[in-house]
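The values are calculated or read from the model by the stated rules, or taken from the named source; none is laboratory data. On a predicted model such as this, the values are computed, not experimentally measured, just so you know. Cβ atoms come from the backbone with ideal geometry, glycine included; neighbour counts cover every protein chain shown.
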Amino acid sequence: MSAVDSVGNVGEPSVLYVRMNKYVPVTEIYTVAAVPDPLGRYNLSILGRGFTANGVIDRVIIDRDRQLPYDYVFDRSSPGYQIFGDRNMAGPLLDNIDTGEYFVGLFHTERGTEFAPGRLTIERNGTVKFGDYTVRQGREFTVAGQSIRIIDSTTAIAWIVIALMLAIAVFSSTRLVVIAREGVHLRLEAKALVASRPGLLAQREQRIAAMQKKGIGLRIKFAFFVVILVMAVVGMVSVGLGTATLNSQRLVLLRGLQDRVDVLMESMVTGAEEPLQNADTSTLDLDALPASVRAMDEALFATITGPKSEIQTAELPDSFNYIWGTNDPVLQQQRLDSRAAQGIDREIEPQGAALDLGRTRLADPISSKVEVIGELVTGSRASGSTRS
């Protein structure tokens, strides 16, 4: 409060602090933001108030009409669920949510449910994107050695053609020099013939006719070798540029394919990591995971392998190649088409048995390498737990 006199002068303000003891906490939602990650999932960020006053936000509700039963309910154990304070929280991580517009609600342990006034738009998720969207850094290993090639066949053929064109160009240039010298010699003969003394008319006419024929032949030769020289130069330039363009385009396509394969593999590894920790209760999730290869036209099938089942498998040997999910027609013993039959040789063990998830092993040239990597990872985890 400030005093004001009759002429409008304002005095120093007086401040009185009053502590209120009748405040009733409320739950309010100001802003809800959904940020997509590289795998097409949505991370929620919620701003408001009353998140931790006289209780805590226990559940996040995603619903189309704000009426029971709700479409999606996430508790505090959901991935990405985190409360930073009374006015800010994050999560949950939205995955496999149907496309549409939803209301976002918060359930407080003391005050019940409160919905945000606006709607949240969920677009199609699970889209595989191009680029370096690395989820986590895995252990690098080489499956098969690469053959050493100094130069590929296409580039070798291109260099041979360029060398041939260069030889033709050099030969044409030398012939043009020879033809030019013959032309100069012919002109000198013509001048000498004109300047010679009169007489011997028949011999002069024969000489003139021979020189005319020779002149026509020189013109034809000159034009022919000029055309050959131009064609050789144009051929060298076009073959060189064409080969460089094809190599560049092939490299771009190869890198694009590699990026898409990396994104798809990282997505499948991330999706299988948690279910494989308790595979016997996540059989449906693991069996459905190979269907994600449909996002990439070049991918034919996928197989998820891991340790053996823990249910009545004492007689089975320990391995990291037990099949938990696959859409490979070779392993499913279905009828093969020309594309599905391609790839490395693979079969199930025991041979001839029906596919049994968690009890049937995959046998292929990579199985032994997978066993070694699995033993190294298991050993490092055991060592780390012992040191801690």
query: Does the range 286-295 contain any residue that is in contact (Cβ under 8 Å) with a residue 24 or more places away in the chain, surrounded by fewer than 17 Cβ atoms within 10 Å (Cβ to Cβ), of a type in the set (A, V, I, L, M) and assigned to a loop (DSSP other than H, G, I, E, B)?
result: no
- request: Can you tell me which residue within the range 1-56, out of those that are of a type in the set (A, V, I, L, M, F, W, C), farther than 23 Å from residue 89 by Cα and assigned to a loop (DSSP other than H, G, I, E, B), is modelled with the lowest pLDDT?
  value: 20
message: Any residue at all in the range 289-297 that's under 30 Å from residue 160 (Cα atoms) and polar (S, T, N, Q)?
response: no
statement: Counting only residues in the range 1-60 that are exposed (fewer than 10 other Cβ atoms within 10 Å of the Cβ) and of a type in the set (Val, Ile, Thr), the one nearest to the chain's Cα centre (by Cα) is identified as 24
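Restrict the check to the range 103-111 and report whether at least one residue is outside any strand (DSSP E or B), polar (S, T, N, Q), more than 30 Å from residue 266 (Cα to Cα) and modelled with pLDDT of 90 or more.
Looking for residues that are outside any strand (DSSP E or B), polar (S, T, N, Q), more than 30 Å from residue 266 (Cα to Cα) and modelled with pLDDT of 90 or more, one finds at least one in the range 103-111, hence yes.
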